[in-house]
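Remarks on the structure that follows.
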Amino acid sequence: MTDVIMPQMGESIAEGTVTKWHKKVGDRVERDEPLFEISTDKVDTEIPSPTSGILSEIRVGEGQTVPINTVVGVIGEKVAEARVEAPPPPSPAHPPAPPTPPPTPSATSERGHRSSPLVRRMAREQKIDLLTLSGSGQGGRVTKQDVLKHLESRATASSEAAEVPAPAPVAAATSQGRVEIAPMSAIRKSIAEHMVQSRRTSAHVTTVFEADVSRIVQARESLKGTFEKEEGVKLTYTPFLVRAVIAALKSFPALNASIEGDRILYRKDYNIGVAVSLEGGLIVPVVHHADEKSFLGLARAVSDLAERARGKKLKPEEVQGGTFTVTNPGPYGSLFGTPIINQPQVAILGVGGIHKRPVVVNDAIAVRSMVYLALSFDHRLVDGAVADQFMADVKRRLEGWDEKIL
Amino acid sequence: MTEVTYLEAIRRAMWEEMERDPRVILLGEDVGLYGGAFKVTAGFLERFGKDRIIDTPISEEGYTGVAIGASFNGLRPVVEYQFIDFIANAFNMITNFAAKSRYRWGAGVPIVMRGPAGGGVRAGPFHSQNPEMHFVHTPGIKVVAPATVADARGLLKAAIRDEDPVLYLEHKKLYRHVKASLAELESAEDVVPIGRALVRRRGEDIVVVTYSAMLYVALEAAEILAKEGIELEVIDLRSLVPLDKECVLESVRRVNKVMILHEDTRTGGMAGEIAAIVAEEAFDDLDGPIVRVTAPDTPVPYAAALEDAFIPRAEDVVRAARRLAAY
């Protein structure tokens, strides 16, 4: 076995970089045949093989820089069992052992982290996150060409699709304190994008109403057992709410609309989204043509969609086409929230928890089941008065509930 | 078609200037009777006489001093060093006297110091050197190093007409190797202004900044690399002092990668100076390290194989350019 070492190519030279191996492990090499190429401060050169044999081991891969006299490979009779492209342990053959060099990061881990002053300036000027580029330069460096290509594809992309606003600046994970860094799931990324986009698109205003839903609570309490037994559907408050919302939307079409450029699209379908929270996210399945369903049909649809949402079995069209959304943060104790509009809709109704509260009824204090209803609406299209009239209508319908549900 | 060599261009420049201006005189070892070691001044003695063509003893410091004194008395001497290596003998006269005269006394020294520089002709360590940096480093001296026939003539004429000392470095390997047609020479600039570089080849990948004989090495490498899709831009500095740094920076700002190539040895060479200027003034335009391709820090070897290894070759440029292009 013969060690192949990084030669000293000049008096003041302390290290060299292997730029190319002419042989692969297992190749036969003759004495004085070019074996590998190195690059030092002063010279780039081919290094001939010190002996004839089989290149049995490559210890220093292409692109790695090591001190002189480091064993970069081994020539023997056969291929070594384990070959590790890592700095070798100090070799007894060379008593003044060179200091172990720091491990050279692999091309992948370097990717996007190393670049030139020019590339950094271009990134600054063009607002490019260099970490999103893959580098084609030495050791994964991002080069000028990489940036130019990126700019070209970005120009093409933005001319083809409507411009997607840049994600809001996110504070970088810093080295301060203890932190666990996790990648964003696809659903989380999508939520993040939609939330920010919506805030940027609509002029959000939230109005809050309080409704006495004692009649609904009574109706549900008295019927839920039967309902579940006879229809196989769990009776929740959601169909009541959706029912009232649809009726009110018919009176106030501005709430069941969307904005497209400088036009208003009044939607004639009543496709009501119902937010369902999932582990690690939230999804809004849509009850299409909710106005055409009976109470039972609506209850069944809501229950079915929620169940399949949790089982991740929704079809794409079942989360699309919504015209108005109902979300329900109540179960966890929230009084009310200020929900973010589900684009391109113009309003979303947040339903708080239903709690018994003392209220004044006919100048007497009574215990009633009360709920806060918070409507976030897009003030570009919906005036405050309209939103409040709509909410008053919803409230009236909930409070005066008289529909037979079975 | 009449061809004019680099050497002939030097000869013509002096001849024409001597015809034009009676104040121009020549001094040097064997410039008269013998016509110069390289026959640059052949026929001059016959035409201009021994008052204007002066054979000197082997005493570089002495005849450099004579030239300076003559210039103070209204003449415009051209000093020839038989080999530019021996300018070392006149170092004190040049750096402490000629270079500082205008600063100290307001007395310009309109002399030209010229001689054959460079290697590649198997002339060994005393007849192959490139001494430019001693003088580039000394404020008060202009330094030019032409690579082409037209520049050989045009820069020498400019040097003779200049009011300050000019070191004119002619590359001996180019003397008879570089040629141009007479028509080409006649259509070229008669006087080439000192301090103006020239882009000899346009390219988008790497700028190679060079001068003198290395221009041809750069152009040869550019041909090879063009076949691989690497386009070199080649700048011929022509003047080292004053340096046309705007020309260099302009190319660097467009091309973003720079290599400096010279035949002079590495440490303290022109490449280091240009690298510093680029780093200071165009840092944000760099897409790779500033690369030097130069002779190593040794005397010029006599052995043919060693001299070949010493002087940068096209393959050295090609190899360095490939690495820089891939950086």
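Considered as a group, the residues in region A:341-395 that are among the polar types (S, T, N, Q) and in contact with a Phe, Trp or Tyr (Cβ under 8 Å, 6 or more places away or on another chain) include one that is farthest from residue A:273 (Cα to Cα), and that residue is A:389. Among the conditions (1) assigned to a strand (DSSP E or B); (2) farther than 13 Å from residue B:113 by Cα, residue B:78 misses just one, which is (2). Flag not set for residue A:148, criterion: part of a helix (DSSP H, G or I), within 9 Å of another protein chain (Cβ to nearest Cβ), within 19 Å of residue B:288 (Cβ to Cβ) and among the aliphatic types (A, V, I, L, M).
Filtering region B:274-305 to residues that are more than 9 Å from chain A (Cβ to nearest Cβ) and of a type in the set (Phe, Trp, Tyr) leaves only B:302.
All of (1) within 14 Å of chain A (Cβ to nearest Cβ); (2) touching a Lys or Arg at 6+ places or on another chain (Cβ under 8 Å) hold for residue B:229 with one exception: (2).
With respect to (1) in a helix (DSSP H, G or I); (2) surrounded by 18 or more Cβ atoms within 10 Å (Cβ to Cβ); (3) free of Cβ contacts under 8 Å to residues at least 24 places away in the same chain, the lone exception for residue B:90 is condition (3). Report, by residue number, each residue of region B:157-197 that is buried (at least 24 other Cβ atoms within 10 Å of the Cβ) and in contact with a Phe, Trp or Tyr (Cβ under 6 Å, 6 or more places away or on another chain). Selection gives B:159, B:167, B:174. Kindly evaluate residue B:108 against the criterion of being farther than 20 Å from residue B:60 by Cα and assigned to a loop (DSSP other than H, G, I, E, B). So residue B:108 passes the test.
The test for being in contact (Cβ under 8 Å) with a residue 40 or more places away in the chain, in contact with a Lys or Arg (Cβ under 9 Å, 6 or more places away or on another chain) and farther than 22 Å from residue B:180 by Cβ holds for residue B:24.
Highlighted here are the strands (runs of 3 or more DSSP E) found entirely within region A:14-74 that include at least 1 residues which are modelled with pLDDT under 85: A:15-21, A:34-39, A:44-48, A:65-67.
Applying the criterion of being free of Cβ contacts under 8 Å to residues at least 24 places away in the same chain and more than 10 Å from chain B (Cβ to nearest Cβ) to the residues of region A:129-142, the residue that is farthest from residue A:152 (Cα to Cα) is A:131.
Residues in region A:346-379 that are in a loop (DSSP other than H, G, I, E, B) and out of contact with any helix residue (DSSP H, G or I) (no Cβ under 9 Å at 6 or more places or on another chain): A:362, A:363.
The set of residues in region B:246-273 being away from chain A (no Cβ under 14 Å) and within 25 Å of residue B:134 (Cβ to Cβ) consists of B:247, B:248, B:260, B:261, B:262, B:263, B:264, B:268, B:270, B:273. The criterion of at least 3 residues that are modelled with pLDDT of 95 or more and acidic (Asp, Glu) is met by the following helices (runs of 4 or more DSSP H) wholly inside region B:1-73: B:6-20.
Residues of region A:297-345 that are within 27 Å of residue A:261 (Cβ to Cβ), of a type in the set (A, V, I, L, M) and in a loop (DSSP other than H, G, I, E, B): A:340, A:341. The residue list A:221, A:210, A:228 contains one member that is within 29 Å of residue A:368 (Cα to Cα) and part of a strand (DSSP E or B), which is A:210.
The values are calculated or read from the model by the stated rules, or taken from the named source; none is laboratory data. This one's a predicted model, so the numbers in the text were calculated from it and none came from an experiment. In this analysis, Cβ positions are derived from the backbone assuming ideal geometry, glycine residues included, and neighbour counts consider all displayed protein chains.
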